[in-house]
1. Determine which member of the set 70, 25 is over 15 Å from residue 1 (Cβ atoms) and surrounded by 14 or more Cβ atoms within 10 Å (Cβ to Cβ).
2. Taking the range 1-22 as the region of interest, how many residues are exposed (fewer than 12 other Cβ atoms within 10 Å of the Cβ), in contact with a helix residue (DSSP H, G or I) (Cβ under 9 Å, 6 or more places away or on another chain) and more than 17 Å from residue 66 (Cβ to Cβ)?
3. Looking at the range 77-97, which of its residues are outside any loop (DSSP other than H, G, I, E, B), in contact with a strand residue (DSSP E or B) (Cβ under 8 Å, 6 or more places away or on another chain) and over 18 Å from residue 35 (Cβ atoms)?
4. What tally of residues in the range 28-62 results from selecting those that are modelled with pLDDT of 95 or more and loosely packed, with under 12 Cβ neighbours inside 10 Å?
5. Quickly run through the range 34-76 and pick out the residues that are under 16 Å from residue 9 (Cβ atoms) and assigned to a helix (DSSP H, G or I).
6. Anything in the range 63-98 that is at pLDDT below 90 and in contact with a helix residue (DSSP H, G or I) (Cβ under 6 Å, 6 or more places away or on another chain)? List them, or say none.
């Protein structure tokens, strides 16, 4: 089961709203594809690489469009922690873990 954190949902809303200033259709498409891809994390989440900034085996990420989707592999679910632009510098303090 994949569960989105409050922060990750907020990030996705902000991304959607930013893109929607130019194209509401493209904004919805990007948001939908990010969510759809995240829902597939139940199948082999270890195939994605570890988030380099944390160097923790259970915190991983995948890229889609210009974004990094950061998630944590929990014993009973996958927690989506953040969705950030690839150009943004982030550190461990920027990720609220489950």
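The values are calculated or read from the model by the stated rules, or taken from the named source; none is laboratory data. Keep in mind the model is a prediction, meaning the values are calculated, not measured. Glycine gets a Cβ as well: all are built from the backbone with ideal geometry, and neighbour counts include every protein chain shown.
1. Details: 25 fails: surrounded by 14 or more Cβ atoms within 10 Å (Cβ to Cβ).
On inspection, the qualifying residue turns out to be 70.
2. 1
3. Of the residues in the range 77-97, the ones outside any loop (DSSP other than H, G, I, E, B) are 78-85, 92-94.
Imposing the further condition that a residue be in contact with a strand residue (DSSP E or B) (Cβ under 8 Å, 6 or more places away or on another chain) reduces the set to 78-85, 94.
Matches in the range 77-97: 94 only.
4. Total satisfying the criteria: 2.
5. Selection gives 34, 35, 36, 37, 38, 39, 41.
6. Start the filter on the range 63-98 by keeping residues that are at pLDDT below 90, which leaves 88-98.
Answer for the range 63-98, where residues must be at pLDDT below 90 and in contact with a helix residue (DSSP H, G or I) (Cβ under 6 Å, 6 or more places away or on another chain): just 96.
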